[in-house]
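**Student:** One structure, pasted below without further comment.
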Amino acid sequence: MIVDEHVSGGLLAGRTALVTGASSGIGAAAARLFAAEGAAVVVMARRERRLKELVEEIEAAGGKAIYQVGDVTLVEDVKRAVAAAVDRFGALDAAFNNAGFAGSEIRPLHELAEEDYDQVMNTNVRGTWNCLRHEIPVMLAGGGGAIVNTASSAGVIATGAPAPYVAAKHAVIGLTKAAAAEYGAHGIRVNALVVGTTRTEMISGAIEAVPELEEAFVARQVQKRMAEPDEIAQAALWLLSNRASFATGSFVAVDGGILAT
């Protein structure tokens with residue numbers, strides 16, 4: 001039976017959720033939202049000061065949260081974050097594998113260096129792989145769970161983003177489908193968010209440096225605006241909740257209509 005979570009205090013009431021890439025932007029917005037919806041939250045990223053401030057903010061609002069400093073490309077860091085969820089809160093029921101990296105160079109494919117490719121692939125693909133490998137066993141032991149991976153419209157079409165990022169986000173969607181197919185019978189749902197341009201710290205910094213980028217970012221979106229981080233977080237919340245109980249192996253577009261055009 002699917003319970004109406006609002007009756008018991010929120011869409012994630014009584015659950016423990018891990019959020020990676022949580023020091024700013026979509027990840028930080030998701031951590032706040034999940035905590036407000038009743039989850040005990042473990043936040044992970046590389047910037048300790050930001051994580052500490054986020055946990056203090058969540059606790060001041062009456063929520064439960066802890067942080068783990070770590071890099072998703074490092075297996076031991078991911079293992080520590082998953083273990084922290086179990087040690088502190090007794091379980092891991094939900095995970096938002098959100099950490100990503102678009103690359104520091106916008107150049108044609110043939111001009112990109114190997115290190116550009118490696119950094120983008122390691123963060124987006126190996127990082128997601130590391131998270132899945134260590135989240136899934138805990139969820140299997142607990143009888144199930146839900147996972148959301150952050151992909152991009154660049155994971156479905158070539159958006160003009162650098163080629164390694166396009167390849168990496170296609171791979172994230174592939175990992176999502178494979179994991180959903182393999183573990184669906186064990187009560188674990190795995191979905192991906194196809195995210196459009198969102199007004200994160202990284203995007204705002206790019207626009208500050210090159211103001212004409214804002215017009216270019218907005219032009220492809222049929223709503224003619226960028227998303228706010230909380231709008232993406234709301235979609236992740238739905239996919240992790242029982243409201244999305246029959247959704248798995250899907251990639252859900254929250255992209256301002258890029259894929260529609």
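The values are calculated or read from the model by the stated rules, or taken from the named source; none is laboratory data. These numbers come from a predicted model, not from an experiment. For neighbour counting, all protein chains shown are included, and Cβ atoms are generated from backbone atoms with ideal geometry for every residue, glycine included.
**Student:** Among the residues of segment 213-231, are any out of contact with any Lys or Arg (no Cβ under 6 Å at 6 or more places or on another chain), modelled with pLDDT of 95 or more and among the hydrophobic types (A, V, I, L, M, F, W, C)?
**Tutor:** No; the residues of segment 213-231 include none that is out of contact with any Lys or Arg (no Cβ under 6 Å at 6 or more places or on another chain), modelled with pLDDT of 95 or more and among the hydrophobic types (A, V, I, L, M, F, W, C).
**Student:** Can you tell which of Gly38, Gly14 is surrounded by fewer than 18 Cβ atoms within 10 Å (Cβ to Cβ) and not basic (Lys, Arg)? Write out each step before concluding.
**Tutor:** On the way: Gly38 fails: surrounded by fewer than 18 Cβ atoms within 10 Å (Cβ to Cβ).
Of Gly38, Gly14, the one residue that is surrounded by fewer than 18 Cβ atoms within 10 Å (Cβ to Cβ) and not basic (Lys, Arg) is Gly14.
**Student:** Take segment 181-226 and flag every residue that is assigned to a loop (DSSP other than H, G, I, E, B) and among the β-branched types (Val, Ile, Thr). Spell out how you get there, then give the answer.
**Tutor:** In the first step, residues of segment 181-226 are kept if they are assigned to a loop (DSSP other than H, G, I, E, B); the result is 187, 196-197, 199-200, 210-212, 220-226.
Scanning segment 181-226 gives Thr197, Thr200, Val210, Val222.
**Student:** Further question: Does Asp71 satisfy the criteria of being surrounded by fewer than 24 Cβ atoms within 10 Å (Cβ to Cβ), of a type outside the set (Gly, Ala, Ser), modelled with pLDDT of 95 or more and closer than 30 Å to Pro162 by Cβ?
**Tutor:** On the way: surrounded by fewer than 24 Cβ atoms within 10 Å (Cβ to Cβ): yes; of a type outside the set (Gly, Ala, Ser): yes; modelled with pLDDT of 95 or more: yes; closer than 30 Å to Pro162 by Cβ: yes.
Yes; evaluated as a whole, the condition is true for this residue.
**Student:** Specify which of the listed residues (Arg80, Arg47) is within 28 Å of Thr197 (Cβ to Cβ) and modelled with pLDDT of 95 or more. Lay out the reasoning, then the answer.
**Tutor:** On the way: Arg80 fails: within 28 Å of Thr197 (Cβ to Cβ).
So the residue among Arg80, Arg47 that is within 28 Å of Thr197 (Cβ to Cβ) and modelled with pLDDT of 95 or more is Arg47.
**Student:** Of the residues Gly38, Gly14, Gly10, Gly62, only one is assigned to a loop (DSSP other than H, G, I, E, B) and farther than 20 Å from Asp230 by Cβ; which?
**Tutor:** Numbers: Gly38 fails: farther than 20 Å from Asp230 by Cβ; Gly10 fails: farther than 20 Å from Asp230 by Cβ; Gly62 fails: farther than 20 Å from Asp230 by Cβ.
Criteria check complete, one pass: Gly14.
**Student:** Can you name every residue in segment 84-127 that is in contact with a strand residue (DSSP E or B) (Cβ under 9 Å, 6 or more places away or on another chain), part of a helix (DSSP H, G or I) and surrounded by fewer than 18 Cβ atoms within 10 Å (Cβ to Cβ)?
**Tutor:** Step one: of segment 84-127, the residues in contact with a strand residue (DSSP E or B) (Cβ under 9 Å, 6 or more places away or on another chain) are 84-86, 88-100, 124, 127.
Then keep just the ones that are part of a helix (DSSP H, G or I); that gives 84-86, 88-89, 124, 127.
Scanning segment 84-127 gives Val86, Arg88.
**Student:** Hey, another quick one. Exactly one condition in (1) in a helix (DSSP H, G or I); (2) modelled with pLDDT under 95 is false for Asn130; which is it?
**Tutor:** Going through the list (1) in a helix (DSSP H, G or I); (2) modelled with pLDDT under 95, Asn130 breaks only (2).
**Student:** Another question about this same structure. Quick one: would you say Ala185 is of a type in the set (A, V, I, L, M, F, W, C) and either closer than 25 Å to Leu109 by Cβ or touching a residue at least 40 places away in the same chain (Cβ under 8 Å) (or both)? Show your work before the answer.
**Tutor:** Values: of a type in the set (A, V, I, L, M, F, W, C): yes; either closer than 25 Å to Leu109 by Cβ or touching a residue at least 40 places away in the same chain (Cβ under 8 Å) (or both): no.
Answer is no for this residue.
Per-residue answers, yes or no, for (1) closer than 24 Å to Thr20 by Cα; (2) basic (Lys, Arg):
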{"site": "Gly184", "(1), (2)": "yes, no"}
{"site": "Thr200", "(1), (2)": "yes, no"}
{"site": "Glu214", "(1), (2)": "no, no"}
{"site": "Arg220", "(1), (2)": "no, yes"}
{"site": "Lys224", "(1), (2)": "no, yes"}
{"site": "Ile232", "(1), (2)": "yes, no"}
{"site": "Asn242", "(1), (2)": "yes, no"}
{"site": "Val254", "(1), (2)": "yes, no"}
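**Student:** Considering only residues of segment 150-177 that are of a type in the set (A, V, I, L, M, F, W, C) and in contact with a Lys or Arg (Cβ under 9 Å, 6 or more places away or on another chain), which is surrounded by the most Cβ atoms within 10 Å (Cβ to Cβ)? Please lay out each step first, then the result.
**Tutor:** First, pick out the residues of segment 150-177 that are of a type in the set (A, V, I, L, M, F, W, C): 151, 154, 156-158, 161, 163, 166-168, 171-173, 175.
Next, from what is left, pick out any that are in contact with a Lys or Arg (Cβ under 9 Å, 6 or more places away or on another chain): 151, 154, 156, 161.
Values: Ala151: 28, Ala154: 24, Val156: 19, Ala161: 20.
Ranking the candidates gives Ala151 first.
**Student:** Please state which of the following conditions Asp71 fails to meet, knowing it meets all the rest: (1) under 24 Å from Leu193 (Cβ atoms); (2) in contact with a helix residue (DSSP H, G or I) (Cβ under 7 Å, 6 or more places away or on another chain); (3) charged (D, E, K, R); (4) outside any loop (DSSP other than H, G, I, E, B).
**Tutor:** (4)
**Student:** Mind checking whether some residue in segment 189-196 is farther than 24 Å from Ala81 by Cβ and buried (at least 21 other Cβ atoms within 10 Å of the Cβ)?
**Tutor:** Of segment 189-196, the ones farther than 24 Å from Ala81 by Cβ are 194, 196.
Imposing the further condition that a residue be buried (at least 21 other Cβ atoms within 10 Å of the Cβ) reduces the set to 194, 196.
Checked against the condition, which is being farther than 24 Å from Ala81 by Cβ and buried (at least 21 other Cβ atoms within 10 Å of the Cβ), segment 189-196 yields at least one hit.
**Student:** Follow-up. Within segment 104-114, does at least one residue satisfy the condition of being touching a helix residue (DSSP H, G or I) at 6+ places or on another chain (Cβ under 6 Å), in contact (Cβ under 8 Å) with a residue 24 or more places away in the chain and either of a type outside the set (A, V, I, L, M, F, W, C) or within 28 Å of Ala171 (Cα to Cα) (or both)? Before you say what the answer is, go through the steps one by one.
**Tutor:** The initial filter retains those residues of segment 104-114 that are touching a helix residue (DSSP H, G or I) at 6+ places or on another chain (Cβ under 6 Å), namely 105, 109.
Right, trim to in contact (Cβ under 8 Å) with a residue 24 or more places away in the chain and you get 105, 109.
Remaining after also requiring either of a type outside the set (A, V, I, L, M, F, W, C) or within 28 Å of Ala171 (Cα to Cα) (or both): 105, 109.
Among the residues of segment 104-114, at least one is touching a helix residue (DSSP H, G or I) at 6+ places or on another chain (Cβ under 6 Å), in contact (Cβ under 8 Å) with a residue 24 or more places away in the chain and either of a type outside the set (A, V, I, L, M, F, W, C) or within 28 Å of Ala171 (Cα to Cα) (or both), which makes the answer yes.
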